[in-house]
Each structure stands twice: as structure tokens, then as C-alpha cells.
Amino acid sequence: MANIVWHTKLKMLLDLKQENLGQDTIDDLWDFLYRTDRVLAQRNVPVSERELQCGGICRDAGVVAWMYLRQQANGRREAVHERKEDEDRHKAPMSDEHKAYQERILRAAAEGGFQGDCEVRTPVGRSSFIRTDTLIEGEGGRRIGWEVQLSSAGVDGPSSVKARAAKATKRGITPAWHTDRGDYARRSDTQWTRSNNLPAHVIAKIGDLRVISGYRALDFWVCDLTAVYPCPDGVRRCGKPHVTPKPRDVLFDDLVRRTAAGTIVPVEYLRGTKVDRFWVTDADRDRLAQLQAGVIILPPTQPDDSSSKTSPNLPTCRPTAILDGSVPAAVVGPDAMVLIPEQRAFAPAAPRVEAFAPGSQPPSLSAPSSPSAPGETGRGEPEREQVTPPSFDFSTEIEQIYDPSVPTTAPTFPDDLVQLQERLHRAHAEHRAYLAELPWSVEPMVGWARGERFSHRGDVPDSPGWSDEQKETVDRMRAELLELSTAVVDHPHWATVPREDLVNARMQLKKQTRPAEPDDVTEAA
């Protein structure tokens with residue numbers, strides 16, 4: 001089929017995409033030509049005598065290719081070649097990268113115990129069919145139809161993606177569209193996945209091929225005062241459960257095998273008035289369905305027992321070792337040293353505070369239990385599950401060492417506010433550490449020589465720029481910093497602080513939870 005037709009008698013090019021075929025001087029031109037072609041077809045007039053030729057690729061190649069007109073039930077206009085070899089001339093040859101993806105999909109499926117084939121034609125009626133680039137037969141009769149659209153395709157991409165995906169779904173085929181273009185991956189007509197733009201020999205070889213877009217992890221949370229996300233409904237805190245999709249990377253081979261096994265499935269997520277389509281785990285899909293049905297089971301919140309005489313908050317002081325009634329300024333663990341602000345004792349004895357290794361989470365902030373009733377803390381409070389601060393997938397070399405210069409008379413802050421501020425400090429440190437390892441420019445730039453005056457600093461090397469994965473990681477870290485900062489600033493504790501003391505109180509909270517500088521650690525040691 002082609003969109004440009006040459007009329008040999010009228011001597012004009014007709015564009016089927018335009019309303020009046022691109023000829024404004026003639027009214028109802030399409031209706032006239034289509035009726036004429038249908039009458040000639042009923043009289044068995046050969047296509048070569050109907051005065052219509054291909055005016056696109058065939059005409060540019062100097063080939064006379066006769067055509068006839070056709071109109072679909074939805075009103076779509078088409079010009080069809082008489083011979084199949086003329087029709088094939090309009091099809092772009094398959095690139096080496098496209099072939100490499102097909103081979104990799106089949107190899108990854110075979111390693112998982114699944115069968116597959118390329119260029120599969122699935123009949124959907126008497127005369128129509130669905131052609132799939134690569135069809136994988138999964139568990140329980142599940143079929144995954146992989147379609148690959150690479151940079152060699154047009155700028156706008158295929159316009160029939162939504163229709164083709166809907167037709168495949170109707171016939172029991174789960175569509176899986178993969179690309180290496182950012183503009184394709186941002187479309188929402190189907191579940192797109194994206195990898196970096198790579199040559200064919202890299203795609204075909206055995207190794208890690210990472211999917212950087214199209215796979216999400218769903219974070220379920222309750223919109224209360226401890227939430228780190230803003231309310232999607234635009235209110236301050238609505239108290240309802242919500243879900244936030246967070247980008248996650250996955251290996252392409254694992255994606256092929258897990259989609260065939262049914263552990264990674266496609267979902268549609270309504271964000272405002274827009275529908276986002278991406279891949280998630282089957283567990284996240286089930287929890288999302290429960291949330292949409294209003295029966296989601298979220299992590300239990302702490303009960304509000306107003307009749308209890310104890311405070312519902314966690315202790316705000318940190319554990320210290322007490323020897324002979326004295327309160328030391330620091331406690332030395334067996335492997336490393338953790339400096340703890342000097343403070344008053346609250347129990348006759350306490351265990352030693354163990355240091356934690358770099359890259360691990362800091363020790364619990366709750367007070368150690370004293371000889372009291374089972375299930376209670378040193379102050380008679382029920383034990384609570386500690387909140388583990390969220391962390392990125394990459395390892396960190398940051399160790400939490402508290403500032404030893406905080407005075408003993410430091411004001412008391414709610415435990416959840418202290419935890420939020422500590423998470424904010426850690427997120428800032430992770431962000432700075434990650435930026436320090438990146439190239440000096442976001443986009444590729446050529447380095448330069450500093451000259452004789454600044455030769456002691458060395459020349460500036462060429463910068464390869466940041467990869468798409470590095471850019472997305474930085475964006476995720478900045479988003480987490482914004483969410484934590486908002487949660488700290490909007491905490492209800494600040495409403496209880498006098499206005500003239502608000503600035504000093506905030507600075508004291510930062511100092512109390514801030515990691516110590518290396519010089520402070522050396523002096524305290």
C-alpha cells in the first residue's frame with residue numbers, strides 16, 4: 001500500500017492522507033475516483049488499464065507499478081499494488097540491530113525453557129492476520145508478542161501501535177514493544193520498554209543488556225503526616241492509601257523470561273486524566289488491583305490508644321553507655337567508632353553501642369530496654385518496629401557519625417521528625433557522593449589544557465557526558481531530597497514552637513542529627 005498515487009490521465013499526484021487528495025481545485029475528487037475504480041473492477045477491467053500508478057518509491061525508482069483503490073470500513077483510504085514485489089519495495093529492510101534483538105529474545109526464552117519463533121503470522125479471520133516480530137510461548141498458554149522499533153524507524157514511529165496492541169490482546173497475545181528511542185518510550189499507547197542505542201554486535205552477545213525505561217516498582221503508602229510523598233489529590237494530608245510508581249532497571253533477558261513466566265505483567269495506571277502503561281511484578285499488580293477496589297492491605301499503622309498513660313512517640317534520646325554514673329561523650333565499638341552526643345542518663349545501665357559498617361543502615365534510634373516488663377522499653381513504652389530509611393540500589397560508603405558538639409541541653413524533638421532529618425542528611429550525602437563519581441559535564445564536551453599558569457592543576461580531560469541511566473538516577477535522588485525536605489518542613493511539631501525560636505530550633509535539629517565532619521571525629525577520638 002502507498003499514500004501517493006499518480007493518475008496517468010489527469011497528470012497529477014494524489015495524496016490519500018489529505019482531505020481532498022491535495023487538489024483543492026476539484027471537489028469530491030476521492031469519491032469520483034473511487035466510484036470509477038469500483039465500476040471498472042465490476043466490469044473486470046485489468047488494473048493496468050485503470051490509469052492509477054504508484055507515485056512514491058516505485059515511481060522514484062523508475063518502476064511502473066499499477067494500483068487500485070480500496071476503502072476500509074472505518075473510512076481509511078488505501079491504494080494497493082497489483083503485484084506483491086511492488087508492495088515489498090515499500091518495506092524497509094530489517095536492520096542488523098533488529099535481527100540481533102530477535103536472536104537475543106529467542107535465546108533468552110530458550111534459556112528459561114520457553115519456545116518461540118520470528119515473523120509469526122497469526123490468523124484473525126478469513127483474510128486477515130497478525131504478524132509478530134517474535135512470539136514467545138510462555139507458561140499456562142501465555143503468549144508474548146515482542147515488537148522491536150529502533151532508531152532506524154521514522155521520527156513519529158508507527159501510528160498503528162495502539163490498534164495493533166489491542167488486536168493482539170484480543171487474540172490472546174500480550175504485546176511487548178521495545179525501543180532504543182526516548183520519544184517512543186514516552187508514548188502511552190502501549191507498554192514500551194527501552195534500552196540504550198547499541199550496535200548489533202553488542203546486542204547479540206551474551207552479557208548484561210539493561211532495560212532503563214518501562215519497568216516500575218509500586219510504592220504503596222498512607223497519606224498521613226509521616227508520608228514522604230505529596231498527596232496526589234492536591235490536599236495536605238487526606239489519610240487515604242496511595243501508590244507511587246518508581247522507575248526500576250531490569251535486565252532484558254530477565255524481562256523476556258519473567259514475562260513468559262507471568263511474574264512480570266503489564267498494567268495501566270491512571271495518573272490524573274492520563275493513563276500510564278508499564279510493566280510491574282505480578283505481586284504489585286495484585287496489590288494495585290486491591291487498592292483500586294478499596295481493599296488494599298497496607299502495612300499496619302501504630303494504634304492510637306488515648307487511654308494509655310505513656311506517650312505514643314518513640315524515645316527521642318539516643319542510647320549511651322553508663323559506667324560508674326558518668327556519661328561519656330563517645331562509645332567505641334569493636335570495628336569502628338560511632339560518636340554520640342553527650343546527654344543525661346535515663347537508665348541505670350545500657351549495653352554497648354555497636355558501630356555499623358559502611359553501606360549499612362544506622363543502628364536503631366530507640367532507647368535500649370531496661371529491666372522492665374517484657375515488651376516494654378526503658379521508659380515503659382511498647383516496643384515498635386523501626387522504620388528503615390529507603391535507599392537506592394547502588395551501595396553507599398557513607399557512615400553515620402553524629403556531631404559531638406551538640407550540648408546536653410539540646411531541645412527534644414519528636415522521634416519521627418528526627419528520623420526524617422537523619423534520612424535527609426543521608427540522602428544529601430549519597431547525592432554528593434554519587435555526583436562526585438560522574439563526569440564533569442552532563443553533555444559530552446571536549447576538554448582543554450589549563451596553560452602554563454595553572455599547569456599544576458593538570459589538563460581537563462574530555463567528558464563523555466552522563467548516560468541516560470545516570471541522569472535518571474540523579475533525578476530520582478533529587479526527587480527524594482525534595483520529598484524529605486517537604487516532610488521535614490511540614491511537620492506539625494513546628495507549629496508548637498514559638499515563632500521567635502523557630503529558626504534556632506530548626507538549626508538545632510540539623511546540628512543534632514548532622515553527621516560529624518572528619519576533623520571532629522579525629523578530635524573526639
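The values are calculated or read from the model by the stated rules, or taken from the named source; none is laboratory data. As the structure is a prediction and not an experimental result, all values here were calculated from the model. So basically every Cβ, Gly included, is an ideal-geometry build from the backbone, and we count neighbours across all protein chains shown. All accessible areas refer to the heavy atoms of the entire protein, side chains included, with ligands and DNA or RNA removed. Shrake-Rupley method; radii C 1.70, N 1.55, O 1.52, S 1.80 Å.
Here are the numbers:
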{"quantity": "Residue in the range 237-247 that is more than 14 Å from Glu483 (Cβ to Cβ), out of contact with any Cys (no Cβ under 9 Å at 6 or more places or on another chain) and not in a strand (DSSP E or B) present", "calculated": "no"}
{"quantity": "Candidate set from the range 191-207 (those that are crowded, with 20+ Cβ neighbours inside 10 Å and in contact with a Lys or Arg (Cβ under 8 Å, 6 or more places away or on another chain)); member that is farthest from Ala100 (Cα to Cα)", "calculated": "Gln191"}
{"quantity": "Spans of helices (runs of 4 or more DSSP H) in the range 129-230 with at least 3 residues within 21 Å of the chain's Cα centre (by Cα)", "calculated": "182-185"}
{"quantity": "Answer from Arg216, Arg210, Arg187 - the residue that is in contact with a strand residue (DSSP E or B) (Cβ under 8 Å, 6 or more places away or on another chain), open to solvent by 40 Å² or more (accessible area, probe 1.4 Å) and under 30 Å from Asp96 (Cβ atoms)", "calculated": "Arg210"}
{"quantity": "Residues (closer than 15 Å to Leu69 by Cβ, out of contact with any strand residue (DSSP E or B) (no Cβ under 9 Å at 6 or more places or on another chain) and at pLDDT below 85) located in the range 21-39", "calculated": "Asp28"}
{"quantity": "The listed residue being farther than 30 Å from Arg514 by Cβ and either polar (S, T, N, Q) or open to solvent by less than 70 Å² (accessible area, probe 1.4 Å) (or both), out of Ser485, Ser467", "calculated": "Ser467"}
{"quantity": "Odd one out for Thr132 among (1) crowded, with 21+ Cβ neighbours inside 10 Å; (2) modelled with pLDDT of 90 or more; (3) under 16 Å from Ala260 (Cα atoms)", "calculated": "(2)"}
